[in-house]
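Every read-out reported here was derived from the displayed coordinates using simple, explicitly stated rules and does not represent laboratory data. Remember, predicted model here, so these are calculated numbers, not experimental data. Every residue, glycine as well, gets a Cβ built from its backbone with ideal geometry; the counts of neighbours run over all protein chains shown.
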Amino acid sequence: MKFFVDTADVDAIRELNELGLVDGVTTNPSLIAKSGRDILEVTKEICDMIDGPVSAEVVATEYEAMVEEGFKLAEIAPNIAIKVPLTLDGLRACRTFSAEGKMVNVTLCFSANQALLAAKAGATYISPFVGRLDDINIDGLELIADIRTIYDNYGYETQILAASIRSANHMSDCAKIGADVATAPPAVIKAMANHVLTDKGLAAFLADAEKAGIKIV
Ligand code: E4P
């Protein structure tokens, strides 16, 4: 499973990238607003740092305006994935972008039917929002599993990009189901390394090393 980082914080992206944990980045208008930076400028900085896809989202809601914004975002760098919402206009824009060879991430997916439409529109990625479904007592992981089944049934090449990931458990659950990608905030990706027995075991090893005077360099 590929790891995308869900943030527009360039320092956080750089830190995880140095750990070799970044296959791509996703942003959205809320994350760009949180960064306090100009969308074109911050997205360019991220694209220059990361080899993989960087999702940048349109803010228009009508087809013509979405197409204009999407092509402008795509000019930032070749690794831009144009992110469009899962609306009828968004699906039409998705078809237009994919016909021009652009990567498209169809976002705000909350049902299997929406994911089916995105695949038919030629989306590169579909972003089902796990955490936001969990928030309203609908099993977000069940949606990931349903989309996996549907896409496998018909050989759709659209990649399942599990989004709105809130915990390290979500990451391993998505991997078990077979999501192609999961996008998570930096803190969640770092939390995947945590285990109380790792901390306890390391403390014991270090204590024994000190007692025995073990020195390597
Ligand atoms: C996906 O691309 C979105 O940016 C993101 O995962 C939304 O997550 P949230 O529900 O935690 O805001």
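Taking the range 162-203 as the range and being part of a strand (DSSP E or B) and either away from the ligand (no atom under 12 Å from the Cβ) or more than 18 Å from I138 (Cα to Cα) (or both) as the test, the residues that pass are V181, A182, T183, A184.
Conditions tested, residue by residue: (1) assigned to a loop (DSSP other than H, G, I, E, B); (2) surrounded by fewer than 17 Cβ atoms within 10 Å (Cβ to Cβ); (3) in contact (Cβ under 8 Å) with a residue 12 or more places away in the chain.
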residue: A8; (1), (2), (3): yes, no, yes
residue: D11; (1), (2), (3): no, yes, no
residue: L16; (1), (2), (3): no, no, yes
residue: G20; (1), (2), (3): yes, yes, no
residue: E41; (1), (2), (3): no, yes, no
residue: S55; (1), (2), (3): no, no, yes
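You will find that of Y151, Y125, the residue that is more than 14 Å from the ligand (Cβ to nearest atom), out of contact with any Cys (no Cβ under 7 Å at 6 or more places or on another chain) and of a type in the set (F, W, Y) is Y151 and no other. When restricted to residues that are within 16 Å of the ligand (Cβ to nearest atom) and either crowded, with 19+ Cβ neighbours inside 10 Å or part of a strand (DSSP E or B) (or both), the range 85-109 contains 11. Within the option set I136, I76, I147, I80, being β-branched (V, I, T) and free of Cβ contacts under 8 Å to residues at least 24 places away in the same chain holds for one residue only, I136.
Specify the residue that is nearest to the ligand (Cβ to nearest atom); the eligible residues are those in the range 28-39 that are within 16 Å of the chain's Cα centre (by Cα) and surrounded by 17 or more Cβ atoms within 10 Å (Cβ to Cβ). So that I can check it myself, show each step before the final result.
Taking the range 28-39 and keeping what is within 16 Å of the chain's Cα centre (by Cα), we get 28-32.
Narrowing the set further to residues that are surrounded by 17 or more Cβ atoms within 10 Å (Cβ to Cβ) leaves 28, 31-32.
On the way: N28: 4, L31: 6, I32: 10 Å.
Selected residue: N28.
Does A60 count as in contact with a helix residue (DSSP H, G or I) (Cβ under 9 Å, 6 or more places away or on another chain), buried (at least 16 other Cβ atoms within 10 Å of the Cβ) and assigned to a strand (DSSP E or B)? No, not satisfied.
Test each condition in (1) more than 15 Å from the ligand (Cβ to nearest atom); (2) in contact with a helix residue (DSSP H, G or I) (Cβ under 8 Å, 6 or more places away or on another chain); (3) of a type outside the set (A, V, I, L, M, F, W, C) for T43 and report the one that comes out false. Unmet for T43, out of (1) more than 15 Å from the ligand (Cβ to nearest atom); (2) in contact with a helix residue (DSSP H, G or I) (Cβ under 8 Å, 6 or more places away or on another chain); (3) of a type outside the set (A, V, I, L, M, F, W, C): (1). Inside the range 164-207, residues that are in contact with a Gly (Cβ under 8 Å, 6 or more places away or on another chain) and hydrophobic (A, V, I, L, M, F, W, C) make up a count of 2.
In the set S172, S164, only one residue is under 29 Å from E15 (Cβ atoms) and out of contact with any helix residue (DSSP H, G or I) (no Cβ under 9 Å at 6 or more places or on another chain); that residue is S172.
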